[in-house]
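Colleague: Structure provided below as structure tokens; questions to follow.
The values are calculated or read from the model by the stated rules, or taken from the named source; none is laboratory data. Here the structure is a predicted model, which means the values were calculated and not measured. Using ideal geometry, Cβ is built from the backbone for each residue, glycine included, and neighbour counts are taken over all protein chains shown.
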Amino acid sequence: MTGARSCHRLALLFVSLVWCGWCVAGEAAPPRLRLFVLGDCKCNDSSKTHRQDVADVVRAMYYRSKDDPPGLVINTGDLVDDVKDPRDWKRFSKQHAPLFQMATYLAVPGNHDKPRGTDCRSWFDKLFKFPESVKPAPEALPFCRAFVQSGAGFVLLDSEIFSKADSALPQKEIDWLSGALAALGEQHASPVMLFMHSPPFSLGTHYKGWDGKETTAFRNRMMELCRKHAVAAVFAGHEHYFGRAKLDMDGYTFQVVVTGGAGATLHTASVKVPDDLDAGQLFERNVGGHRVQFTVPRDLHHFLEVDIADKEMTVRVFEPDTGPPAGYYDEIVEERFTIPIPKAE
Ligand SMILES: [Fe+2]
């Protein structure tokens, strides 16, 4: 009898251990916050093909999350093709309505939203509603915001200011960024992420975007601030592809994720990439005195799902599956990677 009981207990223990082991190996802890990032939809009311490409991405995002909505959706800019055409803004609003309904949806301006001499502020104010707890933007920098959500720090920047380094505004934005990152540090926000339209490093048609003497200097100062305040990643768009760039800064890794495939006409690398490299593979290039490691871009329509846990962020690149059967929409994970969350000094 005693022997039978011992056997029974051992069997129970075995089952428990197997169960616990399965739980640990098969069920990762749920993320603290799920974020969707997309960029460059460039909504254009007069092009049906383009309209379909935007619709495919939005539909894939909707089906990906209808049972488990993200905490936040952030668009890295170029929302519309023609800032002056109200039909493009209405098209953006209509096509992205499911995303506005599922989560807090925010955006930074791109060059198409804010070309020189125009102001998209009234459209931004109408469309993007920040939670009441978020501090208003400074008067001179109406698109710059910093806030904490679920313990993570978010900084929205206006990269169009840096690309027009002919006034005091770039310096104002750098000063604001310095203060915003310090304040997020005081709130122990982790990870901290920056969102902007123009990527600090890229390989596409805009790869020279930060080459000017002043813009390069502002990029270097921004990178130093990222290192000082342990920013985990910069999310940008502008290049109509998916790609990544990173560089080592004395033990700190400056990471750039480029997501510009939410509907606009796709592009690939404009700089010479070795013929034997496929999309997603790594290669290095000197940019502005930095040795930057790039991935070969993927020219695909897509959005990013970012799962934020305590020690790392997991990023999945989803491409909408628009193939048959008609009416069936799935998503394809084209790439999955993790970004370790750096610790502040
Ligand atoms: Fe752009």
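Colleague: For region 25-50, what are the residues that are more than 16 Å from the ligand (Cβ to nearest atom) and either within 24 Å of PRO70 (Cα to Cα) or modelled with pLDDT of 90 or more (or both)?
Modeller: GLY26, GLU27, ALA28, ALA29, PRO30, PRO31, ARG32, LEU33, ARG34, LEU35, PHE36 - these are the residues of region 25-50 that are more than 16 Å from the ligand (Cβ to nearest atom) and either within 24 Å of PRO70 (Cα to Cα) or modelled with pLDDT of 90 or more (or both).
Colleague: Answer with yes or no whether GLY117 is within 16 Å of the ligand (Cβ to nearest atom) and among the small types (Gly, Ala, Ser).
Modeller: Considered against the rule, which asks whether it is within 16 Å of the ligand (Cβ to nearest atom) and among the small types (Gly, Ala, Ser), GLY117 comes out as no.
Colleague: Hey, another quick one. Just checking, does region 129-141 include any residue being within 16 Å of the ligand (Cβ to nearest atom), loosely packed, with under 14 Cβ neighbours inside 10 Å, over 17 Å from ASP88 (Cβ atoms) and at pLDDT below 95?
Modeller: No, there is no match, as no residue in region 129-141 is within 16 Å of the ligand (Cβ to nearest atom), loosely packed, with under 14 Cβ neighbours inside 10 Å, over 17 Å from ASP88 (Cβ atoms) and at pLDDT below 95.
Colleague: Any chance you could count how many residues in region 35-65 are in contact with a strand residue (DSSP E or B) (Cβ under 7 Å, 6 or more places away or on another chain), surrounded by 23 or more Cβ atoms within 10 Å (Cβ to Cβ) and of a type in the set (D, E, K, R)?
Modeller: 1
Colleague: Here is a further query. Among the numbered criteria (1) in contact (Cβ under 8 Å) with a residue 60 or more places away in the chain; (2) part of a loop (DSSP other than H, G, I, E, B), which single criterion is violated by GLN255?
Modeller: It is condition (2) that GLN255 fails.
Colleague: Look at VAL83 and say whether it is away from the ligand (no atom under 14 Å from the Cβ) and buried (at least 16 other Cβ atoms within 10 Å of the Cβ).
Modeller: no
Colleague: Let me ask another. Select from region 250-263 the residues that are farther than 18 Å from ILE339 by Cβ and at pLDDT 95 or above and write down the one among them that is nearest to the ligand (Cβ to nearest atom).
Modeller: In this case the residue turns out to be GLY260.
Colleague: Continuing with this model, one more query. Taking the options ILE341, ILE308, name whichever one is in contact (Cβ under 8 Å) with a residue 24 or more places away in the chain and surrounded by fewer than 23 Cβ atoms within 10 Å (Cβ to Cβ).
Modeller: Answer to the selection: ILE341.
Colleague: Quick check, is ASP81 within 23 Å of ALA309 (Cβ to Cβ) and of a type in the set (Asp, Glu)?
Modeller: No: the conditions fail for ASP81.
Colleague: All but one of (1) outside any loop (DSSP other than H, G, I, E, B); (2) surrounded by fewer than 20 Cβ atoms within 10 Å (Cβ to Cβ) hold for GLY280, so report the exception by its number.
Modeller: If we test GLY280 against (1) outside any loop (DSSP other than H, G, I, E, B); (2) surrounded by fewer than 20 Cβ atoms within 10 Å (Cβ to Cβ), just (1) comes out false.
Colleague: Identify the residue in region 289-315 that is outside any strand (DSSP E or B) and closer than 15 Å to ARG32 by Cβ and, among all such residues, is nearest to the chain's Cα centre (by Cα).
Modeller: Within region 289-315, the match that is nearest to the chain's Cα centre (by Cα) is ALA309.
Colleague: Could you list, in sequence order, all residues of region 211-245 that are surrounded by fewer than 18 Cβ atoms within 10 Å (Cβ to Cβ) and within 27 Å of THR265 (Cβ to Cβ)?
Modeller: Once the filter is applied, which keeps residues that are surrounded by fewer than 18 Cβ atoms within 10 Å (Cβ to Cβ) and within 27 Å of THR265 (Cβ to Cβ), region 211-245 yields ASP211, GLY212.
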